[in-house]
1. Could you tell me which of the residues 140, 166, 153 is under 22 Å from residue 96 (Cβ atoms) and without any contact (Cβ under 8 Å) to a residue 40 or more places away in the chain?
2. Within the stretch 61-76, does at least one residue satisfy the condition of being farther than 23 Å from residue 192 by Cβ, touching a strand residue (DSSP E or B) at 6+ places or on another chain (Cβ under 6 Å) and either at pLDDT below 95 or not assigned by TED's automatic domain parsing to the domain that holds residue 171 (or both)?
3. Does at least one position in the stretch 86-102 carry a residue that is closer than 18 Å to residue 179 by Cβ, touching a helix residue (DSSP H, G or I) at 6+ places or on another chain (Cβ under 6 Å), in contact (Cβ under 8 Å) with a residue 24 or more places away in the chain and not in a loop (DSSP other than H, G, I, E, B)?
4. Picking from 80, 71, 129, 125, which residue would you name as being over 15 Å from the mean Cα position of the chain (by Cα), surrounded by 19 or more Cβ atoms within 10 Å (Cβ to Cβ) and in contact (Cβ under 8 Å) with a residue 60 or more places away in the chain?
5. Can you pull out the residues in the stretch 21-39 that are surrounded by 23 or more Cβ atoms within 10 Å (Cβ to Cβ) and not in a strand (DSSP E or B)?
6. Would you confirm, using the coordinates I've provided, whether residue 116 is closer than 23 Å to residue 41 by Cα, outside the structural domain of residue 30 (by TED's automatic domain parsing) and either modelled with pLDDT of 95 or more or part of a helix (DSSP H, G or I) (or both)?
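The values are calculated or read from the model by the stated rules, or taken from the named source; none is laboratory data. Every value quoted in this text rests on a predicted model; they were computed, and no experiment measured them. So basically every Cβ, Gly included, is an ideal-geometry build from the backbone, and we count neighbours across all protein chains shown.
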């Protein structure tokens, strides 16, 4: 890769479908590279996806994120320019926010500010949306700050919640929106800075 390549680190906690879609989107890019995938649950399937994609994957525990600086050293070693949260469930530590000001992007499976905050992730969000008989939901792609789901919104996409939709039905609609928009919005955002 050339020296002017924009390097991304993807952080995840689970299955890794978004990480895979982002990695595949940038696989043939001339100026963007997914440098590494970081995960914080030892058995997360995202690690297997990374191996299948030929991308270095590294597990880090809570102390590595919040106490001993191991994650920050690794990001520096990999010369990461942008951090992408793709199903990453921990609050980003202040050191990372300081090192990557306005260069950490997250996706949330609802139309923030609704259904955001601590504990509102994945299926919990879809169940709450369906239980409250909302007419629509969607995704929010945003810059990360020191609070869960509160940073500047970059993009939102909407989908209808039909009467009779289950949380699983809604999850399927949200996954389609994520697949369609998340890699593209990352691409546009990093090239606009």
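1. Working: 166 fails: under 22 Å from residue 96 (Cβ atoms); 153 fails: without any contact (Cβ under 8 Å) to a residue 40 or more places away in the chain.
From the options 140, 166, 153, the qualifying one is 140.
2. Of the residues in the stretch 61-76, the ones farther than 23 Å from residue 192 by Cβ are 61-74, 76.
Among the residues that remain, those that are also touching a strand residue (DSSP E or B) at 6+ places or on another chain (Cβ under 6 Å) are: none.
The answer is no; no qualifying residue exists.
3. So far as the stretch 86-102 goes, no, none of its residues is closer than 18 Å to residue 179 by Cβ, touching a helix residue (DSSP H, G or I) at 6+ places or on another chain (Cβ under 6 Å), in contact (Cβ under 8 Å) with a residue 24 or more places away in the chain and not in a loop (DSSP other than H, G, I, E, B).
4. Numbers: 71 fails: in contact (Cβ under 8 Å) with a residue 60 or more places away in the chain; 129 fails: in contact (Cβ under 8 Å) with a residue 60 or more places away in the chain; 125 fails: in contact (Cβ under 8 Å) with a residue 60 or more places away in the chain.
Sole residue among the options that is over 15 Å from the mean Cα position of the chain (by Cα), surrounded by 19 or more Cβ atoms within 10 Å (Cβ to Cβ) and in contact (Cβ under 8 Å) with a residue 60 or more places away in the chain: 80.
5. Correct list: 22, 23.
6. Values: closer than 23 Å to residue 41 by Cα: yes; outside the structural domain of residue 30 (by TED's automatic domain parsing): yes; either modelled with pLDDT of 95 or more or part of a helix (DSSP H, G or I) (or both): yes.
So residue 116 passes the test.
So that you can scan it fast, the table gives a plain yes or no per residue for (1) in a helix (DSSP H, G or I); (2) more than 26 Å from residue 104 (Cβ to Cβ); (3) modelled with pLDDT of 95 or more; (4) in the same structural domain as residue 83 (by TED's automatic domain parsing):
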{"site": "154", "(1), (2), (3), (4)": "no, no, yes, no"}
{"site": "162", "(1), (2), (3), (4)": "no, yes, yes, no"}
{"site": "170", "(1), (2), (3), (4)": "yes, yes, yes, no"}
{"site": "175", "(1), (2), (3), (4)": "yes, no, yes, no"}
{"site": "179", "(1), (2), (3), (4)": "yes, no, yes, no"}
{"site": "185", "(1), (2), (3), (4)": "yes, no, yes, no"}
{"site": "188", "(1), (2), (3), (4)": "yes, no, yes, no"}
